[in-house]
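S.K.: Just dropping this structure here.
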Amino acid sequence: MTSGADKDLDELLELGDRIIGMATRSGTITVAECMLRSGAELSARVRLDKPELVEEAAHRSAGLRVMKGKQVATTSTSDLTEGGIQRFVADALELVELSQEDPFAGAADKELLVDATKAPDLDLFDPKGGSVDAAQAIAIAKIGERAAREFDPRISNSEGATFSRTAGGVAMVLSSGFRGAYKGSYQSLSVVPLAEDDGGKKRRGYHWTAKRFLDELEDPKKVGEEAARRTLRKLGAKSVATCEVPVVFDPDAARSILGMLAGCIMGSSIWRKSSYLAGREGTEVASSLVTVVDDPLLPRAPGSRPYDGEGLASRKNVVVEKGVLRTFLCDSYSARKLSRTSTGNAARGGSAGVSCSTTNFILEPGTASNADIVKGTKQGLYVTEMMGFGFNAVTGDFSRGAGGFWIENGELAYPVSEVTISLNVDDLWKRIDAVGSDLDLRTATASPTIRVAKMTVAGSAGAS
């Protein structure tokens, strides 16, 4: 994945080679694995047309995981001087002597490692985005916020607009022979206007855009205008009487529901028995309209990568197929615990420790538009935001605060706030009776609009 022309990645790989050599020199270390990162971040926030905060930072770091038989230790450093590297390696060698043996510890199967030079180029790095400076970031944020504030006189204030970008490289060198590196970038713009309701209560809305490539971001003026629209439509929000009705989740809210599923299909959750889906492979866990995939091979997508954190080839995994649970996502460790093989879902953190992770975790879109789903709902709740963390992964119990709009005769009738929605997620997934076509890969976990046929909406006793 790296070429001679990319000096930064070559330097990271050469440093990784040195660290692995230092760690294995004594002959007592059976496995040494080094992860190196280099990059820069910029974030600029403006409020009321004035710069409020500019943060910029560059980073270079290394993480090391070593094994002595079944003993494992990890450590990390941002001090990449010669002395810093020597201390960093020495710390790992000292820690491994103190660690307890883990019978399931070990590197990924050498036979499964991919040749990084033959890994796919997924077009993850945009030099243009990575070169945006503070002045440009402030200018972009100003355009977004100004468009929101000028959209309607009822927009009375603003929490600001923020443009952020990050770009950098990651390299991995393993004593088993794997050696690879690649670059990535990501940028985003969010705008948060405020409007004042009749009772003096501030209503806050927002809109945002995010992509790996700068030119694929939504126009900042349109982002601001949409943020203003979403703020204004919250004016006059009220609660509703407690009832059981269909609930439509817009893509942002649906993504949160999908994120709960992601935590429950990890191999680490299964062997710990901390998921309501343990033991349910091959059974129906959702509506037949639901197909969920984990696909790291999508060009320019936010969660894409050419190989996983252990050097295994990236691959698309079908997690739920037409409602049937097909697989759990595993790294090598959780796969050993469950007597199976890795699905290529290892992620490696800053200290080079390995865990299970999703990549692009996607609820595949259907054919109905968002408008069609709302139009086909005689009465119900349209959810645009959720608050709180009311989810028990072991039992599947789910209850969260929500806001959005009341649907009456297929139309958004009025804004709703201060309600709670609840239903066991096992039933929630099985009751999905509509899946939208409006999938947008702004984030690595992504869903289109979905409708759940019936949920409990708990509101105010005195609401009409």
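S.K.: Check SER274 against each of (1) surrounded by fewer than 18 Cβ atoms within 10 Å (Cβ to Cβ); (2) in contact with a Lys or Arg (Cβ under 6 Å, 6 or more places away or on another chain); (3) in contact (Cβ under 8 Å) with a residue 40 or more places away in the chain and name the one condition it does not meet.
M.R.: Every condition holds for SER274 apart from (2).
S.K.: Tell me yes or no: at least one residue of region 47-68 is of a type in the set (Asp, Glu), closer than 24 Å to TYR182 by Cα and exposed (fewer than 15 other Cβ atoms within 10 Å of the Cβ).
M.R.: Yes: one or more hits.
S.K.: Against the definition (touching a residue at least 40 places away in the same chain (Cβ under 8 Å) and either within 21 Å of GLY349 (Cβ to Cβ) or among the hydrophobic types (A, V, I, L, M, F, W, C) (or both)), how does ALA181 come out, yes or no? Let's see the steps before the verdict.
M.R.: Working: touching a residue at least 40 places away in the same chain (Cβ under 8 Å): yes; either within 21 Å of GLY349 (Cβ to Cβ) or among the hydrophobic types (A, V, I, L, M, F, W, C) (or both): yes.
For ALA181, the condition - touching a residue at least 40 places away in the same chain (Cβ under 8 Å) and either within 21 Å of GLY349 (Cβ to Cβ) or among the hydrophobic types (A, V, I, L, M, F, W, C) (or both) - is met.
S.K.: Right, next: Hey, does region 393-402 have a residue that's surrounded by 22 or more Cβ atoms within 10 Å (Cβ to Cβ), in contact (Cβ under 8 Å) with a residue 24 or more places away in the chain and under 23 Å from MET260 (Cα atoms)? Reasoning before the result, please.
M.R.: First, the residues of region 393-402 that are surrounded by 22 or more Cβ atoms within 10 Å (Cβ to Cβ): 402.
Next cut, in contact (Cβ under 8 Å) with a residue 24 or more places away in the chain only: 402.
Among the residues that remain, those that are also under 23 Å from MET260 (Cα atoms) are: 402.
Yes: region 393-402 contains one or more residues that are surrounded by 22 or more Cβ atoms within 10 Å (Cβ to Cβ), in contact (Cβ under 8 Å) with a residue 24 or more places away in the chain and under 23 Å from MET260 (Cα atoms).
S.K.: Check GLY410 against each of (1) in contact (Cβ under 8 Å) with a residue 40 or more places away in the chain; (2) surrounded by fewer than 17 Cβ atoms within 10 Å (Cβ to Cβ); (3) in contact with a helix residue (DSSP H, G or I) (Cβ under 6 Å, 6 or more places away or on another chain) and name the one condition it does not meet.
M.R.: (1)
S.K.: Let me ask something else about it. So for region 333-349 (the condition being part of a strand (DSSP E or B), of a type in the set (Gly, Ala, Ser), outside the structural domain of ALA62 (by TED's automatic domain parsing) and under 22 Å from ALA434 (Cβ atoms)), does at least one residue qualify? Talk me through it step by step, then tell me what you get.
M.R.: Pass one, region 333-349, residues part of a strand (DSSP E or B): 346-348.
Among the residues that remain, those that are also of a type in the set (Gly, Ala, Ser) are: 346-347.
Now narrow it down to the ones that are outside the structural domain of ALA62 (by TED's automatic domain parsing): 346-347.
Filter once more, so that each one left must be under 22 Å from ALA434 (Cβ atoms): none.
Among the residues of region 333-349, not one is part of a strand (DSSP E or B), of a type in the set (Gly, Ala, Ser), outside the structural domain of ALA62 (by TED's automatic domain parsing) and under 22 Å from ALA434 (Cβ atoms), which makes the answer no.
S.K.: As an exercise: evaluate ARG229 against (1) assigned to a helix (DSSP H, G or I); (2) basic (Lys, Arg); (3) closer than 19 Å to MET387 by Cα and give the number of the one condition it does not meet.
M.R.: Just one mismatch for ARG229, condition (3).
S.K.: I've got another one for you. So, in region 83-139, how many residues would count as being closer than 26 Å to SER334 by Cα, assigned to a helix (DSSP H, G or I) and aliphatic (A, V, I, L, M)?
M.R.: Within region 83-139, residues that are closer than 26 Å to SER334 by Cα, assigned to a helix (DSSP H, G or I) and aliphatic (A, V, I, L, M) number 7.
S.K.: To continue, here is another question. Just to verify a result, which residue in region 309-318, among those that are of a type in the set (A, V, I, L, M, F, W, C) and surrounded by fewer than 22 Cβ atoms within 10 Å (Cβ to Cβ), is nearest to ALA278 (Cα to Cα)? Steps first, please.
M.R.: At the first step, the residues of region 309-318 found to be of a type in the set (A, V, I, L, M, F, W, C) are 312-313, 318.
If we keep only those that are surrounded by fewer than 22 Cβ atoms within 10 Å (Cβ to Cβ) too, we end up with 313, 318.
Values: ALA313: 26, VAL318: 17 Å.
Ranking the qualifying residues of region 309-318, first place goes to VAL318.
S.K.: Moving on. Restricting attention to region 150-178, and to residues there that are without any contact (Cβ under 8 Å) to a residue 60 or more places away in the chain and not in a strand (DSSP E or B), which single residue is nearest to ASP308 (Cα to Cα)?
M.R.: GLU150
S.K.: Might you let me know whether region 293-304 holds any residue that is touching a strand residue (DSSP E or B) at 6+ places or on another chain (Cβ under 8 Å), in contact (Cβ under 8 Å) with a residue 12 or more places away in the chain and under 30 Å from PHE88 (Cβ atoms)?
M.R.: If we filter region 293-304 for residues that are touching a strand residue (DSSP E or B) at 6+ places or on another chain (Cβ under 8 Å), which is where we start, we get 293-295, 300, 302-303.
Those left that are additionally in contact (Cβ under 8 Å) with a residue 12 or more places away in the chain: 293-295, 300, 302-303.
Then keep just the ones that are under 30 Å from PHE88 (Cβ atoms); that gives 303.
Checked against the condition, which is being touching a strand residue (DSSP E or B) at 6+ places or on another chain (Cβ under 8 Å), in contact (Cβ under 8 Å) with a residue 12 or more places away in the chain and under 30 Å from PHE88 (Cβ atoms), region 293-304 yields at least one hit.
S.K.: Go over the candidates GLY380, GLY366 one by one and state the one that is in a loop (DSSP other than H, G, I, E, B) and either at pLDDT 95 or above or in the same structural domain as ILE432 (by TED's automatic domain parsing) (or both).
M.R.: On the way: GLY380 fails: in a loop (DSSP other than H, G, I, E, B).
Among GLY380, GLY366, only GLY366 is in a loop (DSSP other than H, G, I, E, B) and either at pLDDT 95 or above or in the same structural domain as ILE432 (by TED's automatic domain parsing) (or both).
S.K.: Can you go through GLU150, GLU145 and tell me which one is assigned by TED's automatic domain parsing to the domain that holds GLU111, of a type in the set (Asp, Glu) and crowded, with 22+ Cβ neighbours inside 10 Å? Reasoning before the result, please.
M.R.: Values: GLU150 fails: crowded, with 22+ Cβ neighbours inside 10 Å.
Going through GLU150, GLU145 in turn, the sole match is GLU145.
S.K.: Considering region 141-183 alone, what residues qualify as being of a type in the set (Val, Ile, Thr) and either farther than 30 Å from LEU12 by Cα or under 19 Å from the mean Cα position of the chain (by Cα) (or both)? Show your work before the answer.
M.R.: Taking region 141-183 and keeping what is of a type in the set (Val, Ile, Thr), we get 143, 155, 162, 166, 170, 173.
ILE143, ILE155, THR162, THR166, VAL170, listed by residue number.
S.K.: Out of (1) closer than 26 Å to ARG305 by Cβ; (2) part of a loop (DSSP other than H, G, I, E, B); (3) aliphatic (A, V, I, L, M), what's the single condition that is false for VAL394?
M.R.: Result: VAL394 fails condition (1) only.
S.K.: Checking the condition under 18 Å from the mean Cα position of the chain (by Cα), among the hydroxyl-bearing types (Ser, Thr, Tyr), assigned to a loop (DSSP other than H, G, I, E, B) and modelled with pLDDT of 95 or more, which residue from THR358, THR327 passes?
M.R.: Values: THR327 fails: under 18 Å from the mean Cα position of the chain (by Cα).
So the residue among THR358, THR327 that is under 18 Å from the mean Cα position of the chain (by Cα), among the hydroxyl-bearing types (Ser, Thr, Tyr), assigned to a loop (DSSP other than H, G, I, E, B) and modelled with pLDDT of 95 or more is THR358.
S.K.: What are the residues in region 413-464 that are in a strand (DSSP E or B) and without any contact (Cβ under 8 Å) to a residue 40 or more places away in the chain, if any?
M.R.: Step one: list which residues in region 413-464 are in a strand (DSSP E or B), which gives 413-422, 432-436, 445-446, 450-458.
Hits for region 413-464 are ALA413, THR420, SER422.
S.K.: Which of (1) closer than 29 Å to ALA44 by Cα; (2) surrounded by fewer than 21 Cβ atoms within 10 Å (Cβ to Cβ) does GLY236 not meet, given it meets every other one?
M.R.: The one condition GLY236 does not meet is (1).
S.K.: Can you pull out the residues in region 56-100 that are closer than 18 Å to LEU36 by Cβ and among the acidic types (Asp, Glu)?
M.R.: ASP79, GLU82, ASP91
S.K.: Let me ask something else. Of the residues in region 202-225, how many are free of Cβ contacts under 8 Å to residues at least 24 places away in the same chain and either outside any loop (DSSP other than H, G, I, E, B) or of a type outside the set (Asp, Glu) (or both)? Let's see the steps before the verdict.
M.R.: So in region 202-225, the residues free of Cβ contacts under 8 Å to residues at least 24 places away in the same chain come out as 207, 219.
Narrowing the set further to residues that are either outside any loop (DSSP other than H, G, I, E, B) or of a type outside the set (Asp, Glu) (or both) leaves 207.
Qualifying residue count for the region: 1.
The values are calculated or read from the model by the stated rules, or taken from the named source; none is laboratory data. Everything quoted here is computed from the prediction, not taken from an experiment. Glycine also receives a Cβ, built like all others from the backbone with ideal geometry; neighbour counts cover every protein chain displayed.
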